[in-house]
Amino acid sequence: MKDAPAAEPGSRKPRKTQRDVAELLQSSAFDLFATQNYSSVRIKDIATATGLNSALIYYYFGSKEDLFIKVIESAVERAFVQFDDIKANANGPRDLIFLWIEIHILQFHLLQKLAKISLDYSSTNGRIASIDKAIKKFYEKESLILKNTIKEGIASGLFREVNPTDMAMLISTYLDGVLFRNVMFPNFKYKQAINVMRNFVFERLDA
């Protein structure tokens, strides 16, 4: 996909590339789904928010359902891309657990929006299998990262003998709780809450 040419002095601004338009539609839809909910957001609302024609949404994504899936997949990918970027500096299982929890501070607002639109969608009638799968993907990957890292730490003698599945579930569930608590109480000190949980986890894990 080619980038638009730079504008010359006095000339019109370059036209947006297809990628620019698709990203604008996704970003605006993400914000609308997070502030409203899946069932109430209309294609027309997304078009109005972007100043683009509704037909472009159908052209790029096919339907509101497909756009919603893309929004979720994109948010999940962004979270894991940042984790992949920083985990190269991890020195063993303890650092990996630390960094996964840290992502929830660095990407708090992104993950909060993802959690909120997932919860709002789950309460709608007529659940759609493809959307359920897209939401489930995040939790499955998170669970796998946490369980495998804990198992590695136990095998190396760095961690105590704990149930990796239970510990992974505790971490994931607590982080979700922080995300939703901040939705209800915007002044909630989420960074402090996450750090308290991280200290608690390592008290239970460290050999």
2 or more residues modelled with pLDDT of 95 or more and open to solvent by less than 80 Å² (accessible area, probe 1.4 Å): qualifying helices (runs of 4 or more DSSP H) within segment 108-207: 129-155, 164-184, 190-205
Does any residue in segment 104-131 that is under 14 Å from ILE72 (Cβ atoms) and among the β-branched types (Val, Ile, Thr) come within less than 8 Å, Cβ to Cβ, of a residue that is part of a helix (DSSP H, G or I) and open to solvent by 50 Å² or more (accessible area, probe 1.4 Å) six or more places away or on a different chain, and which pairs are these? ILE128/GLU65; ILE131/GLU65
Within segment 20-49, the residues that are part of a helix (DSSP H, G or I), of a type in the set (A, V, I, L, M) and free of Cβ contacts under 8 Å to residues at least 40 places away in the same chain are VAL21, ALA22, LEU24, LEU32, ILE43, ILE46, ALA47, ALA49
Got a sec? Which of ILE69, ILE105 is at pLDDT 90 or above and in a helix (DSSP H, G or I)? ILE105
In segment 81-100, the residues that are closer than 25 Å to PHE30 by Cα and open to solvent by less than 10 Å² (accessible area, probe 1.4 Å): PHE83, TRP100
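The values are calculated or read from the model by the stated rules, or taken from the named source; none is laboratory data. Small disclaimer: the values here were computed from a predicted structure and weren't measured. Using ideal geometry, Cβ is built from the backbone for each residue, glycine included, and neighbour counts are taken over all protein chains shown. Each accessible area value is taken on the protein alone, full model and side chains, heavy atoms only, with ligands, DNA and RNA left out. Shrake-Rupley method; radii C 1.70, N 1.55, O 1.52, S 1.80 Å.
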